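One structure is given below, encoded as structure tokens.
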């Protein structure tokens, strides 16, 4: 239903007018006033001249007989022609007779043409939980309603998301069977964001890093699932028996739950594996699981005068000849120091370096 301020083509609105005497008091007409409608395409001069002449030849619609609602108060329900192209101010002319005198009133209402309805393509953003609530009063075409209110919820695409619920369940087993996939997926998403935080911005070991991200997230999300299991145990009443898959935990009468030994061992194993892959992720895939950050070898500084390349601790061939490979012998320097490997002089020509002797 439209109003005088705005009514769309095809809609209806109530056109109303009041009649008063010289004192301002409402009075009824001798008979119900007639209503003529002029669209916005008819100029005001034409409307006025036709009304005064009583011809109304250009009127868009009418005459319509109004209804007396109360003393001096009349109305008429008018429906704007559907598909009309005349947008703007329309005029409703009320022709009344009071004590045999003709009274004309010019009122207006605004007609608008509704825009065509178009449904734009919509997309859901990532990392959102969508909840749809359906009231039990919703009925199908046969009138059948739902027995109760329904709630449907789902996750949009999670990003980052480096593992899957099945991988996590495969590591933990039946202990987290009671956790639904949506909750477990949220655990994986949080763990994936943690992995993004600790991984380097760039790496030359992309494939190894991708694998490390998956393993780290699996173990980190698995631990989060175990923590949820512990919450279930803690919130149980004293003396209750809580079953988590293959594990059965009896809560004691005190304030602390009796935690299953199997659950504790599982947590310890997952934490150790997570730590191994944490190092790999943090190193950008350049390390292997179990490898530490500590240096395996050390060399003198680049600008140290006597810096030499690392080798197998053999004598430098620039100062010691190796004519013919013969007998491998340990040589000791005359001035002390570490032994080095060389060859017995009896198996090669030339004199041995004077700084070294056989040992």
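The values are calculated or read from the model by the stated rules, or taken from the named source; none is laboratory data. Since we're looking at a predicted model, the values are computed, not measured. Ideal geometry is used to build each Cβ from the backbone, glycine not excepted, and the neighbour counts take in all protein chains shown.
Per-residue answers, yes or no, for (1) touching a strand residue (DSSP E or B) at 6+ places or on another chain (Cβ under 8 Å); (2) under 15 Å from residue 90 (Cβ atoms); (3) at pLDDT below 90; (4) not assigned by TED's automatic domain parsing to the domain that holds residue 91:
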site	(1), (2), (3), (4)
36	yes, yes, no, no
43	no, yes, no, no
47	yes, yes, no, no
67	yes, no, no, no
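Conditions (1) at negative phi; (2) buried (at least 16 other Cβ atoms within 10 Å of the Cβ), marked per residue:
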residue	(1), (2)
88	no, no
91	yes, yes
100	no, no
114	yes, no
Test: residue 64 is touching a residue at least 24 places away in the same chain (Cβ under 8 Å) and closer than 17 Å to residue 47 by Cβ: yes
Of the residues 288, 271, which single one is surrounded by 11 or more Cβ atoms within 10 Å (Cβ to Cβ), outside the structural domain of residue 173 (by TED's automatic domain parsing) and at pLDDT 85 or above? 288
Those residues that are farther than 23 Å from residue 284 by Cβ, more than 24 Å from the chain's Cα centre (by Cα) and buried (at least 18 other Cβ atoms within 10 Å of the Cβ), I need them from the stretch 207-227; list them, please. 226
Going by the conditions given, is residue 84 in the same structural domain as residue 32 (by TED's automatic domain parsing) and either loosely packed, with under 14 Cβ neighbours inside 10 Å or touching a strand residue (DSSP E or B) at 6+ places or on another chain (Cβ under 9 Å) (or both)? yes
If I filter the stretch 32-46 down to residues being surrounded by 12 or more Cβ atoms within 10 Å (Cβ to Cβ) and over 60 Å from the mean Cα position of the chain (by Cα), which single residue comes out as farthest from residue 56 (Cα to Cα)? 32
Go through (1) under 24 Å from the mean Cα position of the chain (by Cα); (2) within 30 Å of residue 133 (Cα to Cα); (3) in contact (Cβ under 8 Å) with a residue 40 or more places away in the chain for residue 198 and report which single condition fails. (2)
Pick out, from the stretch 91-159, the strands (runs of 3 or more DSSP E) lying fully within it that include 2 or more residues that are within 30 Å of residue 77 (Cβ to Cβ). 101-112
